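Worksheet: one structure, shown below.
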Amino acid sequence: MTMFRTAKDDGVAMVTALLAIMILSMFSVLMLGLLLSQKLPTDFQRSSTQTIFAAEAGVNSVVGQIRSADAPPDSQGAVYGDNKQLPCSAAGPVDATGSTLKFSATISYFVTDPTDQSDAWRASHALGCTPGTGPSADPGFAVITSTGVGTPVAGMSATAGQRTVAVVYKFQVTNNNIPGGLIYSYDRAQTPDRYCLEAASTSAGAKIKYVPAIDCGSNLIHQLWIYDTDYRLKLASTTVPPATSAMCITGNPNGATPVPATLQVCPAPNDPARWNQLFSWEGGSHWRGQNDPVANGYSGAYLSSGQKGDPAGDYLYVWNQAASDNEWGSFHPDARVGAGAAGFNTHQIVNYLEFGRCMDVTHGDVNEPQMITYPCKQDPNPSQSQLNWNHKWYYDEPASSVGAAGPQQIYINNGTKYCLVSPGTESGWVTFTSGCSVSADNQKWTRYANTGAYSTSYTFVDAWGRCAAIGPSYKVGSNTEVWSTIITTTCNGSLGQKWNAPPNTVSASLNGYWELR
């Protein structure tokens, strides 16, 4: 019997296994190479993603520093920015101290918008910036350039993976008037003024001295004054922190005997004891005292030197004498001293640029060829009965102070109605006429309140499209006085053309974002 022998496949299996191992090894090597080839770009991408967030964190940090650069509150409690606190650069970790993820930022400041400008323009128009003193001028814009830095990418340059972004920060700005000015003595024959008022200290009981004009402005803590809405003259430095109590000029008249005026704590606005701190600005450039109680109106007391001789180095007094006897009782307050309580509710028209000045019928004479702006007259008596007619100008505001009212007449009344007349010419002076006529073009004025654009708001526009505005100084013969005239001129949005206007505030914003690398 023949026997067959079965062939074994051991050799084939071995070959197959070796082939599989070789293929897997080759695939593994291939995958390893592939993985290794992708590690560098992956590390770069991861670093790049982290550093862009770090760069944005730098922007946020700088914006926080800018928005916290606050000055102390002003006399009205408003808080404004302090240039000295603005950063020139910034750097730091994104999260915990010691983190390898960091940012480094530089800040360039500009007066005008740099958003669409070239690099060359930005380089030539950037304001100088010094740490501790900030930019060299008040900025309207800042370009924040922030670079994010992370862990270096192995095998690449030290800056690989870093990202840099830039963004334009637009400051919140306001043209709000900040009160506080010098009070000069007024002598028409003297140019410039000869003296100003200076408090001996900021403490209760301090006297107020006449100091030479050459020294005025050298001691602002003791020389700046505010004529506030409560009819009191306050030392400006005592109305802001860290001062705890505002100090008012105070004087209790004693017949014909001059009484020194001193600083005393200002009591509450409705405190009956405040009467000897209430002073009304009136014709003749005087501050006149108030009776006790306030409802009894003006007293016969005036602020003055208490003498007729030269007051050099002498003190301010309250003197119960006729205004004509108060030789050094006439004053020329800087417009920044303020307008007291003047405004539309008291029938007064306050200029916004000269914010302590109101429209005035010059010398109380409607036939004067030039009308002026004059320190706003006042009357603390709730009836306002003593407020002179030549400071009461009547017109209608638009409903809710929005839009326009008119054409309408603007008039005063001293027993006879006189209407304001436009000259109908560029830079001509406004005048008055008793021949009021609603059909006369030169008596037609349109009052613009809030138009939606501050540049066209809070103006008086005549029939020829010109705005009432402050003009050149008033002249009497060869003498030039300190008060501005009122003219009509091409409307241009300037503050000298704005009357009974609130401040304009432009909100802060971030825009113009772009990546440099």
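The values are calculated or read from the model by the stated rules, or taken from the named source; none is laboratory data. Quick caveat: nothing in here was measured; it's all calculated off a predicted structure. Note that each Cβ is placed from the backbone with ideal geometry, even for glycine, and that neighbours are counted across all protein chains shown. With ligands, DNA and RNA removed, areas are computed over all heavy atoms of the protein, side chains included. Shrake-Rupley method; radii C 1.70, N 1.55, O 1.52, S 1.80 Å.
How much length, in nm to one decimal, is gained on full extension between Thr257 and Gln307, taken as 0.36 nm per residue of separation minus their Cα-Cα distance?
Net length gain for the segment: 16.9 nm.
For the chain, what's the relative contact order in percent, using C-alpha pairs closer than 8 Å and at least 6 residues apart?
So the answer I get is 11 percent.
Taking all protein chains together and a probe of 1.4 Å, list Ser68, Ser330 from the most accessible to the least accessible.
My answer, sorted largest first, is Ser68, Ser330.
Would you mind working out the magnitude of the charge dipole of the chain relative to its Cα centre, with +1 at each Lys and Arg C-beta and -1 at each Asp and Glu C-beta, to the nearest 20 Debye?
1120
If you roll a 1.4 angstrom probe over the protein chains with everything in place, what fraction of the accessible area of the chain belongs to carbon and sulfur, to the nearest %?
So the carbon and sulfur contribution to the accessible surface is 55 percent.
Give the long-range amide H neighbours of Ser457: residues separated by 5 or more places, or on another chain, with amide H under 5 Å away, using H modelled in the peptide plane at 1.01 Å from N.
Those qualifying (amide H under 5 Å, at least 5 residues apart or on another chain) are Thr451.
What ranking, highest mean first, results for peptides 305-313, 169-177 when packing means the other Cβ atoms within 10 Å averaged over each residue?
Those peptides, ordered most packed to least, come out 169-177, 305-313.
Provide the per residue accessible area, probe 1.4 Å, for the range 89-134, rounded to a whole number of square angstrom.
Heavy-atom SASA per residue in the range 89-134 reads 58 Å².
From the phi of every residue in the range 203-210, what ³J(HN,Hα) in whole Hz does the Karplus formula 6.51 cos²θ - 1.76 cosθ + 1.60 yield, where θ is phi - 60° and glycine or proline is x?
9, 4, x, 5, 8, 10, 10, 7
In whole Hz, what ³J(HN,Hα) sequence does the range 421-432 give by Karplus (6.51, -1.76, 1.60; θ = phi - 60°), x for Gly and Pro?
10, 7, x, x, 10, 6, 6, x, 8, 6, 9, 10
Less than 28 Å apart at the alpha-carbon level, and either on another chain or at least 8 residues along: which lysines does that give for Lys207?
Lys207 reaches Lys234, Lys308, Lys377.
Of Gln348, Tyr315, Thr425, which is farthest on the positive side of the dipole of the range 284-434, counting Cα position, with +1 on Lys and Arg Cβ, -1 on Asp and Glu Cβ, and the Cα centre as origin?
Gln348
At 4 °C and 1.567 mPa s, grab the translational diffusion coefficient of the chain from Stokes-Einstein with a Kirkwood Rh over Cα pairs, rounded to a whole number in µm² per second.
Rounded to a whole number, D works out at 46 µm²/s.
Got a sec to turn the phi values of the range 139-150 into Karplus ³J(HN,Hα) couplings, 6.51 cos²θ - 1.76 cosθ + 1.60 with θ = phi - 60°, whole Hz, x for Gly and Pro?
Whole-Hz 3J(HN,Hα) from phi for the range 139-150: x, x, 9, 9, 9, 9, 10, 10, 10, x, 10, x.
Between Gln172 and His363, how high is the FRET efficiency from 1/(1 + (r/R0)^6) when r is the Cβ-Cβ distance and R₀ = 45 Å? Nearest 0.05.
0.55
For the range 352-381 and the range 246-291, compute the distance between their C-alpha centroids and round to whole Å.
Distance between centres, Cα-based: 23 Å.
Please name whichever of Thr451, Ala301, Ile183 sits farthest to the positive end of the charge dipole of the chain, dipole taken about the Cα centre and charges placed at Cβ: Lys and Arg +1, Asp and Glu -1.
The residue sitting farthest along the positive end of the dipole is Thr451.
Place +1 on the Cβ of every Lys and Arg and -1 on the Cβ of every Asp and Glu in the chain, take the dipole about the Cα centre, and give the residue among Gln117, Gly284, Gly92 whose Cα lies farthest towards its positive end.
Checked the options; the winner is Gly92.
Taking only protein heavy atoms and a 1.4 Å probe, what accessible area per residue, in Å², does the range 378-428 have with all protein chains in place?
45
Gly471's amide H: which non-local residues (gap 5+, or another chain) put their own amide H closer than 5 Å, with H modeled 1.01 Å from N in plane and none for Pro or chain starts?
Distant-sequence amide H within range of Gly471: Thr485, Ile486, Ile487.
What is the set of long-range amide H partners of Asp82 at a cut-off below 5 Å, with H atoms built 1.01 Å from backbone N?
Residues meeting the amide H criterion: Asp70, Ala71.
What do you get for the angle between helix 10-67 and the principal long axis of the chain? Use alpha-carbon atoms, 0 to 90 degrees, nearest ten.
Around 10 degrees separate the two axes.
In what sequence, highest mean first, do 211-217, 102-108, 263-269 appear when ranked by Cβ atoms within 10 angstrom?
Peptide ranking by packing, descending: 102-108, 263-269, 211-217.
Lone cysteines in the chain, defined as no other cysteine's Cβ under 4.7 Å from theirs: which are they?
Isolated Cys, the chain: none found.
Find how much the distance from Ala204 to Gln384 grows on full extension, using 0.36 nm per residue of separation minus their present alpha carbon separation; answer in nm with one decimal.
Gain in length upon complete extension: 61.8 nm.
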